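Visitor: Submitted below is the structure of interest, expressed as structure tokens.
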Amino acid sequence: MFSLHDPLDEALRTELHRYDDLTAALLARRGVMTSKEAEAFLAPSYDQHLGDPLLIKDMKKAAERIAKAIEAKERIAVWSDYDCDGIPGGVVLHDFFKKIDANFCNYIPHRHEEGFGLNEKGIDTLKVDNVSLIITVDCGISDVAAVAYANSLGIEVLITDHHLPGVTLPAAFAIVDPKQEGETYPYKDFCGGGLAWKLVCAMLAIGFTGRENIKPGWEKWLLDMAGLSTIADMVPLTGENRVIAYYGLMVMRKSPRIGFQKLCKGARVNQRVLTEDDVGFMIAPRVNAASRMGDAIDAFRLFTTEDEVEADMLAKKLEATNRSRRASSGAVTKQVHERLAERLAQGVLPDVIVMGDPEWRPGLLGLVANGISEEHQRPVFLWGREGSNILKGSCRAGRPDVHLLELMQAATDTFVEFGGHRASGGFSVREDAIYFLEDTLNKAYASLSFVALSETERADSEIILPEATKQFLSRLERLAPFGMGNPKPVFVLRDIAIRQLFWFGKSNEHLRLRLAADELSVDTDALEAISFYAKRELGAVCERIAVGAHATILATLERDQFSRGQPVRLRIVSIA
């Protein structure tokens with residue numbers, strides 16, 4: 001059943017009188033309550049809507065320490081995470097240090113051999129390289145022991161991270177993490193790459209040896225990587241993140257990085273009109289595949305190389321790696337589905353699903369958990385073995401009301417380590433505790449108070465097929481880029497005739513419909529609607545829809561980038 005959101009109250013509608021009814025309603029549902037906020041949301045300003053980075057806790061201290069290291073020609077190491085937040089964030093600092101001819105190196109731990117965050121093996125390697133200062137990107141806030149080890153070797157550590165701190169903070173020289181206690185900066189939802197970019201801005205503000213060689217505004221070219229991180233890491237696209245993503249997409253569309261150009265070409269993405277969907281569904285998976293199936297350094301080298309031959313080779317390598325990732329993830333997904341079918345035959349599924357296998361590669365499990373959690377609308381924890389005897393996994397919430405971090409905190413004694421966000425996370429578990437993990441998490445789930453989900457799916461507005469035009473879509477795109485905190489507007493179309501139905505893809509997993517207002521409509525009036533992984537996304541309704549039938553459809557609007565003229569099409573959310 002689909003219903004519409006409640007209309008705006010009269011006072012709010014008056015406040016947003018400059019905008020049409022739909023735009024005003026969409027702004028209000030995103031927490032935009034004043035004309036000034038609406039102007040900032042619809043027209044983000046680089047100069048006006050980005051805060052002073054030096055006001056972030058410990059940022060000035062970190063920048064001054066880096067300036068001192070630059071002047072003294074100390075060996076600096078940028079230690080970044082191996083995903084599509086940490087890698088682009090590492091590229092941001094790489095480009096900055098290269099620009100000023102600093103004495104530096106980049107270090108990205110091997111996902112399967114070293115794991116997440118700082119570790120003694122990597123620190124030893126950097127010590128041999130005479131590193132005296134480590135700057136982390138997208139990691140470090142939980143690495144108390146590793147930071148202490150670095151200190152014992154005479155290496156100072158500057159942490160830039162956006163994950164939630166634990167009870168004990170590392171003894172780092174400076175910690176830049178807006179989620180730490182005592183932070184007064186008004187915006188706290190940066191990703192790792194976004195914070196790395198803010199660090200560069202702070203450096204440019206305080207000055208350092210070689211600052212005079214950087215032209216005003218040069219840092220804007222780094223927004224391709226900061227924007228890539230921000231969109232890929234699924235942080236809220238509100239506040240400063242919206243500005244970074246907004247301008248980041250602009251820079252990505254004209255980025256001179258030969259590696260980024262080659263990556264877009266291999267993914268069949270038109271760089272000139274690249275969207276947040278292209279980043280989230282095409283670019284980021286290829287970057288993440290590097291660490292999940294091989295070594296993250298390949299993605300890092302792709303973004304930093306200036307050699308076209310090397311860029312072409314690395315882009316093709318990532319493309320092949322991503323195909324391998326999909327095949328491996330598909331095999332694990334099939335195994336999970338088989339186990340779930342067996343459990344369903346014996347009764348209902350628990351509120352929290354936990355499954356694992358020592359043969360499963362942990363780096364693939366986030367992708368699988370995401371699909372399973374969406375399909376069954378509940379938290380899913382999947383684990384495998386990484387390294388010697390470490391059981392590691394990924395989890396996804398599956399429901400907007402579930403906070404995974406709170407759930408794991410309620411079962412904290414079961415985990416060796418855990419972390420993440422509301423919707424996604426990672427964990428490691430003791431061998432002796434893995435057998436009780438599902439029971440423990442379900443008991444924790446029962447003890448928590450989650451807000452009940454509505455049984456109806458809400459649409460922003462009701463439209464008819466002739467209203468789904470390029471002009472209408474252009475109005476909606478004023479609110480882009482879309483993502484967490486700024487979802488795509490959703491519309492309900494009632495009693496639509498299904499003119500044609502196609503299944504496509506290697507396993508016929510995707511669905512394409514041709515829709516018309518009624519059976520008498522001419523074919524040129526028909527509109528295409530699409531659903532990727534339809535059986536997973538739409539469920540049992542896929543067995544019932546047929547040519548000639550009528551349906552009520554919940555959908556978003558988008559441009560078909562692969563068809564001439566880029567016509568408007570529907571992306572199906574649900575069918576009734």
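Visitor: Of all the strands (runs of 3 or more DSSP E) wholly in the stretch 478-576, which have at least 3 residues that are under 26 Å from Met252 (Cβ atoms)?
Guide: Passing ranges, in order: 550-559, 568-575.
Visitor: Being of a type in the set (Asp, Glu), over 18 Å from the mean Cα position of the chain (by Cα), farther than 20 Å from Lys535 by Cα and at pLDDT 90 or above: is that true of Glu319 here?
Guide: Judged against the criteria, Glu319 is a match.
Visitor: Report, by residue number, each residue of the stretch 407-448 that is charged (D, E, K, R) and under 20 Å from Cys139 (Cα atoms).
Guide: Those that are charged (D, E, K, R) and under 20 Å from Cys139 (Cα atoms): Glu417, Arg422.
Rundown of residues vs (1) under 24 Å from Val147 (Cβ atoms); (2) surrounded by fewer than 18 Cβ atoms within 10 Å (Cβ to Cβ); (3) β-branched (Val, Ile, Thr), yes/no style:
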position	(1), (2), (3)
Leu4	no, yes, no
Glu10	no, yes, no
Thr14	no, yes, yes
Ala25	no, no, no
Thr34	no, yes, yes
Ser45	no, yes, no
Gly51	no, yes, no
Leu55	no, yes, no
Ala63	yes, no, no
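Visitor: Also, quick follow-up: Which one of the conditions (1) closer than 30 Å to Leu126 by Cβ; (2) at pLDDT 95 or above does Leu50 fail to meet, given that it meets all the rest?
Guide: Evaluating Leu50 over (1) closer than 30 Å to Leu126 by Cβ; (2) at pLDDT 95 or above leaves (1) as the failure.
Visitor: Mind counting the residues in the stretch 439-466 that are in a loop (DSSP other than H, G, I, E, B), closer than 23 Å to Leu26 by Cβ and modelled with pLDDT of 75 or more?
Guide: Of the residues in that region, 3 qualify.
Visitor: Here's a follow-up. Of the residues that make up the stretch 504-517, is at least one aromatic (Phe, Trp, Tyr) and at pLDDT 90 or above? Let's see the steps before the verdict.
Guide: Quick first cut of the stretch 504-517, residues aromatic (Phe, Trp, Tyr) only: 504.
Right, trim to at pLDDT 90 or above and you get 504.
Scanning the stretch 504-517 turns up at least one residue that is aromatic (Phe, Trp, Tyr) and at pLDDT 90 or above.
Visitor: Additional query: Could you tell me which of the residues Asp101, Asp83 is within 30 Å of Pro362 (Cβ to Cβ), outside any helix (DSSP H, G or I) and touching a helix residue (DSSP H, G or I) at 6+ places or on another chain (Cβ under 9 Å)?
Guide: Asp83
Visitor: Hey, any hits in the stretch 204-224 for a residue that's free of Cβ contacts under 8 Å to residues at least 60 places away in the same chain, hydrophobic (A, V, I, L, M, F, W, C) and in contact with a strand residue (DSSP E or B) (Cβ under 7 Å, 6 or more places away or on another chain)?
Guide: So far as the stretch 204-224 goes, no, none of its residues is free of Cβ contacts under 8 Å to residues at least 60 places away in the same chain, hydrophobic (A, V, I, L, M, F, W, C) and in contact with a strand residue (DSSP E or B) (Cβ under 7 Å, 6 or more places away or on another chain).
Visitor: Could you check, for the stretch 183-199, whether at least one of its residues is of a type in the set (Phe, Trp, Tyr) and not assigned by TED's automatic domain parsing to the domain that holds Ile100?
Guide: no
The values are calculated or read from the model by the stated rules, or taken from the named source; none is laboratory data. Computed from a prediction, not measured in an experiment: that's the story for all the values here. Because the Cβ atoms are built from the backbone with ideal geometry, glycine has one as well, and the counts that use them run over all protein chains shown.
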